[in-house]
Amino acid sequence: MSTPLAVSVFAAVVATTASTSAQQFELVDITDRVGIDFDVADGRMGFAIGDYNGDGWQDVAVFASDDQTPSMFMNQGALIQAGQMVPWFTNVTDQVMPPNDIFTTMGAFADMDNDGDQDLALARRGYDPVAGAPDPTLGAVAYYENKLDTTGRFEIGTNQLRVGHSPSTVSSLALVDYDGDSDLDVFMAYSGVMGDYTHSRCFMVRNDGLPHLTDVSSTFGAHLPGIQRALTAVFADFDGDMRPDLHCAVDFHSDFQCRNMGGGLFMDVTQAVGVTNGGSDMGLAVGDFDNDLDLDLYSTNINIGVLYVNDGAGNFVDEAAQRGCRSFANGAVAIGWGTNFVDLENDGDLDLTVIPTGTGTGNFFMNDGSGQFTDVTVATGIELKGYSIIDFDFDKDGDQDLIAMGNGDLNSPKFYLNNQTTTNHWLVVELEGTLSNRDAIGAQVVVRTPDGSAQLRAMMAGHSYRTGTPKTLHFGLGDQSIVSEVEVRWPSGQVTRLTPFVANRYIKVVE
C-alpha cells in the first residue's frame with residue numbers, strides 16, 4: 001500500500017539545461033587539485049563515501065594500510081557554493097577521528113544505531129601493529145560511533161566482536177538488514193594471504209542494537225566457512241521478493257549465491273541460478289543495465305568480465321561476450337578489480353567501468369540504451385589503473401564523478417575524475433527509513449518518465465571492490481525534463497509514490 005508522503009526537494013548547485021540524450025561523457029582528471037592527499041599504502045587501499053557531518057555533501061574516508069589509521073576528508077561544497085575559494089576536500093582526520101589501534105583497509109559509512117547520523121563500520125584485520133605481524137586473535141568486526149553532536153568526533157565502539165581465526169587480508173565488507181529487524185548487520189570476508197588460503201573465511205555478524213554484536217555464521221543456513229577466497233560480497237534482491245540475497249565474487253573457485261528465505265535463513269542456490277563462473281572473479285557491479293526492472297551482475301576476472309543477466313526470477317546467464325563487455329584492458333594482461341554500473345552521460349541507461357592492475361589499463365563501456373556495450377576507453381583519454389573505483393556526485397551538479405585508488409606500487413595511485421557531462425536531465429534520490437533501517441539499505445526505487453521508460457536502482461552498502469558506497473541513487477533522464485513517478489519500495493514492505501515534478505533535483509524521501 002502507499003504510505004503518507006514525507007519528502008523534501010532541493011535544487012542542485014549547478015542546474016542542467018535542456019538537451020539531447022545522445023552524447024559522449026566527458027571526464028576531467030582533478031587529482032592534483034581536489035584536496036584528498038595521504039601517504040600511499042603499499043597494500044591495497046579501500047575507501048568509503050558518506051555524509052559524516054550531515055551537511056548534505058558527500059565526504060570520503062580512506063582506509064590505507066595496517067600501520068595507518070583511517071583518514072577523513074570533509075567535502076567543502078557548502079563553502080564553495082557560498083563563494084569561497086577552497087579545495088573540494090579538507091583533511092579533518094585529527095579533528096574528528098579517534099586515535100586508535102583499529103587498522104583496516106575496509107570500512108563503510110552506515111547508521112549502525114539508527115540515530116540519524118553516519119557511523120563507520122570497520123573490518124579489522126588480524127594484525128598486531130606493535131609487533132608488525134599478523135595476529136589471528138585480532139580479527140574483528142568493529143565500528144566508530146558518530147558522536148559529533150556531543151564530543152565533536154567519532155569514538156571507538158565499546159564492542160569489537162573478535163572473530164579471530166584469520167591473520168589474512170580483509171577482502172569484503174557488506175551491510176544489510178539480513179534478518180528484517182530494521183537494523184544493519186555485517187557480512188565480512190577474509191581472502192587469505194598469498195600462498196596460504198587456509199584462513200579464507202566469511203562471517204555473518206548480527207547487530208542486536210549497539211554495542212551488541214553476535215556471530216551468527218553457524219545459523220546462516222548456507223555454509224559460510226565453505227566459501228573460499230570471497231573477494232567481494234553484496235546483498236541485493238535478485239528474485240523480486242524484496243528480501244536481500246547474497247552474492248560473492250570468488251577467486252579460484254565458483255562464484256557463490258544464497259537466496260534469502262526469511263528470518264535470517266539463507267539457502268545456497270549457486271548451481272540452481274547459474275552463477276557458476278570459476279577462475280578469478282574479483283569485483284562486482286550490481287544494477288539494471290538493460291532496464292527490465294531486475295538486478296543484473298558484472299564480475300571482473302583476469303582479462304575478462306562476466307555479465308550475469310537476470311531473467312527476473314533470479315536466474316542468470318552470462319552474456320558478456322554478446323553484450324560487448326567480455327574483454328577489457330585492450331588485449332593487455334590485466335587483473336580486473338573494481339567495477340561499477342553508472343550512467344555517466346545521464347542518458348537513462350547504465351554504463352560500465354572496470355579498473356585493473358597489470359600492464360593493461362581499465363575500461364569504459366558505453367551502453368547504447370538496449371543493453372549493448374561499446375568500449376570507449378580511448379575516447380575518454382583516461383587510463384584507469386588500480387584496485388578500487390566508485391561513482392558519486394561530489395560537486396552536486398547532477399552527474400556522477402569517479403574516484404579510484406590503487407596502492408603504493410602503482411605509478412598513478414589516485415584518480416578523482418570530474419564528470420562535466422551536464423546537458424542531460426537527471427534525478428538523485430536519498431532515502432530515510434523509519435519502519436525500515438534508517439539508511440534504507442535494501443530499498444528499491446523505480447523512476448518513470450513521460451516517454452514511458454522506467455529505471456530501477458537499489459540501495460546497497462558494499463560492492464565493487466574495497467569500497468563503501470554512498471546512500472544516494474542517481475538516475476539519468478536524457479531529454480526528459482519531467483519525472484512522472486518515483487516509486488520507493490521499502491524493506492518494511494511499505495511503498496511510497498511521488499507524482500509529477502520537474503527533474504534536475506536532489507529529493508529526500510522519508511518512509
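Assuming R0 = 41 Å, what is the FRET efficiency of Asp181 and Thr374, from their Cβ-Cβ distance, to the nearest 0.05? Intermediate values should be presented prior to the final figure.
Working: r = 45 Å, r/R0 = 1.09.
Efficiency computed from Cβ-Cβ geometry: 0.40.
Of the DSSP beta bridges with both residues in the chain, give the percent that are antiparallel, rounding to the nearest 5.
Details: 125 of 134 bridges.
Expressed as a percentage, antiparallel bridges in the chain total about 95.
Compute the FRET efficiency between Ile335 and Asp37 as 1/(1 + (r/R0)^6), taking r as their Cβ-Cβ distance and R0 = 22 Å, and round to the nearest 0.05.
Values: r = 27 Å, r/R0 = 1.21.
FRET efficiency, Ile335 to Asp37: 0.25.
Quick check on the range 436-484: take the gyration tensor over C-alpha atoms, sort the square-rooted eigenvalues as a ≥ b ≥ c, and tell me if it's rounded (a/c under 1.5), prolate or oblate.
Working: a/c = 3.14, a/b = 1.97, b/c = 1.59.
It comes out prolate by the Cα gyration axes.
Give me, ordered by chain and number, the residues 5 or more places off Phe252 or on other chains with an amide H under 5 Å from its own placed amide H.
Amide H to amide H, under 5 Å and 5 or more residues apart or across chains, Phe252 pairs with Gly279, Ser280, Asp281.
Calculated from DSSP H runs of 4 or more alone, at -39500 (n - 2.57) each and per residue, what is the 222 nm mean residue ellipticity of the chain, nearest 500?
-500 deg cm²/dmol
Taking 45 Å as R0, compute the FRET efficiency from the Cβ-Cβ separation of Thr434 and Ala131 and round it to 0.05. Mind dumping the intermediate values first?
Details: r = 46 Å, r/R0 = 1.03.
According to the calculation, E is roughly 0.45.
What distance in nm separates the simple spin-label points at Leu79 and Gln24, each placed 7 Å from Cα in the Cβ direction?
Each label point is offset 7 Å from its Cα along the Cβ direction, giving 3.6 nm.
What spacing in nm lies between the two simple spin-label points modelled at Thr158 and Ala272, each 7 Å away from Cα in the Cβ direction?
Distance between label points: 4.2 nm.
Cβ neighbours within 10 Å, averaged per peptide: list 30-37, 169-176 in order, most packed at the top.
Numbers: 30-37: 16.0, 169-176: 26.8.
Put in order of decreasing packing, that is 169-176, 30-37.
Note the count of lysine pairs whose C-alpha atoms are less than 28 angstrom apart in the chain, limited to pairs 8 or more residues apart or on different chains.
Step by step, the pairs that qualify in the chain add up to 11.
Enumerate the calculated ³J(HN,Hα) couplings along the range 470-483 in order (Karplus 6.51 cos²θ - 1.76 cosθ + 1.60, θ = phi - 60°), each rounded to whole Hz, writing x wherever the residue is Gly or Pro.
Each residue's phi maps through the Karplus curve to give x, 8, 10, 10, 9, 10, x, 10, x, 8, 8, 8, 10, 9 Hz.
Positive end of the charge dipole of the chain (Lys, Arg +1 and Asp, Glu -1 on Cβ, about the Cα centre): tell me which of Leu477, Met106, Val488 has its Cα farthest that way.
Met106
For Rg and Dmax of the Cα atoms in Å, the choices are (i) 27.3, 102; (ii) 20.8, 63; (iii) 22.5, 76; which was calculated from the structure?
Entry (ii).
Taking amide hydrogens as modeled 1.01 Å from N in the peptide plane, which residues meet the under 5 Å criterion relative to Asp351, leaving out close sequence neighbours?
The answer is Val342, Asp343, Leu344, Asn367.
For Ser218 and Asp292, compute 0.36 nm times the residue count separating them, minus their Cα-Cα distance, and round to one decimal in nm.
Numbers: separation 74, 0.36 × 74 = 26.64 nm, distance 3.62 nm.
Gain on stretching Ser218 to Asp292: 23.0 nm.
Using 0.36 nm per residue of separation minus the Cα-Cα distance, give me the extension gain between Gln95 and Ser453 in nm, one decimal.
Values: separation 358, 0.36 × 358 = 128.88 nm, distance 4.65 nm.
Between Gln95 and Ser453, full extension yields 124.2 nm more.
Amide H to amide H, which residues 5 or more places from Ser171 or on other chains are under 5 Å from it, using H placed in the peptide plane?
Distant-sequence amide H within range of Ser171: Ala189, Tyr190, Ser191.
Where nothing but the Cβ of Lys and Arg (+1) and of Asp and Glu (-1) is charged, how large is the charge dipole of the range 204-299 around its Cα centre, in debye to the nearest 20?
Numbers: 4 positive and 15 negative charges, 96 e Å.
Here the size comes out at about 460 debye.
Once phi is turned into θ = phi - 60°, what whole-Hz ³J(HN,Hα) does the Karplus curve with 6.51, -1.76 and 1.60 give for every residue of the range 299-312, x standing for Gly and Pro?
10, 7, 9, 8, 6, 9, x, 10, 10, 7, 9, 7, 8, x
Is the range 401-511 rounded, prolate or oblate when judged by the Cα gyration tensor, a ≥ b ≥ c being the square roots of its eigenvalues, rounded requiring a/c under 1.5 and prolate requiring a/b larger than b/c? Walk me through the numbers before you get to the answer.
Details: a/c = 2.96, a/b = 1.39, b/c = 2.13.
Note, shape of the range 401-511 comes out oblate.
No value in this document is a laboratory result; all are computed from the given coordinates. On a predicted model such as this, the values are computed, not experimentally measured, just so you know. Note that each Cβ is placed from the backbone with ideal geometry, even for glycine, and that neighbours are counted across all protein chains shown.
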